[in-house]
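Following: one structure in structure tokens, then a few remarks.
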Amino acid sequence: MINAFIVDDEPYCTEALAILLGRYCPQVHVDGIYHSGAQALGPIREQKPQLLFLDIEMPRMNGFELLDKVKDLDFELIFTTSYDQYAIKAIRHSALDYLLKPIDREELQSSIRKVEQRLKAPLAQQFDLLFQKLQSPANLFTKIAIPTMEGLEMVAVDSIVHCVSDSNYTVLTLKEKQKIIASKTLKEIEELLEDYSFLRVHHSHLINLNEVCKYIKGEGGYLVMSDESSIPVSRSRKEALLKKLQPNRP
């Protein structure tokens, strides 16, 4: 049984979530429902729930501010939020989980399965990445959390040379030719890296523009990367690549 708290300032949202959990996730027991961050702070510190469903936008103390005050973040966390592109981008960078309102039953069940199956992940590091991303400009934020079969890898963005799709997984090649198999599609990795100098040059390949050594002409051509690998360029993406490599060309 997973002991959970729900924190959301909208009573109808907490009631709807509690009903969904009761009907479709019987392995979760809701031990507390709180309608403000201030109301939830003491019980979280004292009772230490295993799982926290946390709304982001709340008056006076939002979800991020509540987490900052809790300090000892020794629980699983699922954010519940209306669409907020910036906050969701930060959550994705930290590999934490979120559900968009109104909450979908199947997405809720999927999130609970992940909580059940998740290996002990370095939650403190995930929260640290989340707060860094929220507080820092993208070009000052240097790491992302990459989920793997073993847990999480905290990866320096500038250490990634290129990424290649492998069905529902992505193989990241780092400097020194180290490889990481990420439990994310290439599209999801591309979204994580959209604020940085990365470009999709082929339906199966995402490259770090800073690690390009040479472009060889052809119908689409190909790139020689700093690790000496050759990356094909699709004809449809060739022009976008050349604009990035030669920003001042007419």
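Each value in this text was obtained by applying a stated rule to the coordinates, not by laboratory testing. Model, not experiment: these values are computed from the prediction.
A few comments on the model shown:
- With one equal scatterer per alpha carbon and no solvent term, the Debye-computed log10 I(q)/I(0) for segment 140-250 at 0.11, 0.18, 0.20 1/Å reads -0.33, -0.87, -1.06.
- Candidates Ser234, Ser167, Ser226, ranked by Gaussian network fluctuation over the chain, Cα under 10 Å, top entry: Ser167
- Cross-link partners of Lys187 among aspartates and glutamates, defined as those whose alpha carbon lies under 18 angstrom from its own and excluding same-chain residues fewer than eight positions apart: Asp97, Asp166, Asp195.
- Near the amide H of Ser204, within less than 5 Å, lie no amide hydrogens of residues on another chain or at least 5 residues away, with H placed in the peptide plane.
- Among the listed pairs Lys217/Lys243; Lys89/Lys177; Lys101/Lys179; Lys101/Lys184; Lys175/Lys244, those beyond 26 Å (Cα-Cα): Lys89/Lys177; Lys101/Lys179
- Crossing angle, helix 11-24 versus the chain [Cα axis fit, 0-90 degrees, rounded to tens]: 80
- Between 0 and 90°, nearest 10: helix 123-135 axis offset from the chain longest Cα axis: 70
- Residue among Asn62, Asn208, Asn168 with the largest mean-square fluctuation in a Gaussian network model of the chain, springs linking Cα atoms under 10 Å: Asn168
- Entry for the chain at q = 0.07, 0.14 Å⁻¹: log10 I(q)/I(0) = -0.30, -0.93, Debye formula applied to identical alpha-carbon scatterers, no solvent contribution.
- Rg and Dmax over the alpha-carbon atoms of segment 39-110 stand at 12.3, 33 Å.
- Residue-by-residue Karplus 3J(HN,Hα) for segment 187-204, coefficients 6.51, -1.76, 1.60, Hz, glycine and proline x: 4, 5, 5, 4, 5, 5, 9, 5, 8, 10, 8, 10, 9, 7, 9, 6, 4, 10
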